[in-house]
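Undergrad: Dropping a structure here in structure tokens format, bear with me for questions.
The values are calculated or read from the model by the stated rules, or taken from the named source; none is laboratory data. Predicted model, so just to flag it, every value in this text is computed and none were measured. Here the Cβ positions follow ideal geometry from the backbone for every residue, glycine too, while neighbour counts run over all protein chains shown. Just the protein is used for accessible areas: all its heavy atoms, side chains included, with ligands, DNA and RNA removed. Shrake-Rupley method; radii C 1.70, N 1.55, O 1.52, S 1.80 Å.
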Amino acid sequence: MWRALAGARRLLRPLGAAAGGAPRAEPPPSRAPPGRGCAAAAGGGAGPGALGAAEQRQPADTVLPKFNIDLAVALLRQENAKDICVIQLSPELKYCDYFIIVSGFSTRHLHAMANYMLKMYKHLKEEGGPHIQIEGKETDDWLCIDFGNIVVHFMLPETREVYELEKLWTLGPYDDQLAQMIPQSLPKDFIFGLTPNSSDHLETRT
């Protein structure tokens, strides 16, 4: 009986103690190197630059588009503007670079388009950009916004037909058109001169 208990005690002792030495300590669990964290655990031993590469993959700050003629026309099309007319003015006029004329379905549509353009310009305005000038806010058939290098006229179709801004800014005033016309003389066959000795002279009644 005593021998059986001694054998059982020997089996319960650690292996190192059975050999006469101190108990053998179990090795500590493996730990990830400092500074790697989840990147090393998921990457199966990724290098120290794994975290930096992850930071580089983050999206950069979004660059806002500039408020130019292409964006202005795109915004007007998005707001269902009718009959968009873009006129590029000569630098000699020193007024603006582009002149835009659009039509709306109603007064509410005109104001909606104008307010949307104003909101987008203020959102995309660069530092030091020109101030906005608005005319016609109290009218029902016309609005004009001066963005500096772009001027936009919002008009109802019937008002647009009356003022004909397209012709005014492309052909010029009627007097200027006449001044630019080359004078042409009629041929002699079309000049009829009446003289007193002519048989075609009209007799005056007394």
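Undergrad: Can you give the accessible area of LEU165 in Å² (nearest 10), computed on protein heavy atoms with a 1.4 Å probe?
TA: Spelled out: LEU165, probe radius 1.4 Å, area about 20 Å².
Undergrad: Given the pairs LYS125/LYS167; LYS66/LYS122; LYS82/LYS167; LYS66/LYS119; LYS82/LYS125; LYS82/LYS137, which span a C-alpha to C-alpha distance of over 22 angstrom in this model?
TA: LYS125/LYS167; LYS82/LYS125
Undergrad: Now, a different point. Describe numerically, in nm with one decimal, the distance between label points set 7 Å from Cα along Cα→Cβ at GLU79 and at LEU93.
TA: Each label point lies 7 Å from its Cα, and together they span 2.1 nm.
Undergrad: Translational D (Stokes-Einstein, µm²/s) of segment 90-161 at 10 °C and 1.306 mPa s when Rh comes from the Kirkwood sum over C-alpha pairs?
TA: Numbers: Rh = 12.9 Å.
Translational diffusion coefficient: 123 µm²/s.
Undergrad: When the chain is fully extended, how far beyond the present Cα-Cα distance does VAL86 get from ARG108, taking 0.36 nm per residue of separation?
TA: Values: separation 22, 0.36 × 22 = 7.92 nm, distance 2.26 nm.
Gain on extension, VAL86 to ARG108, equals 5.7 nm.
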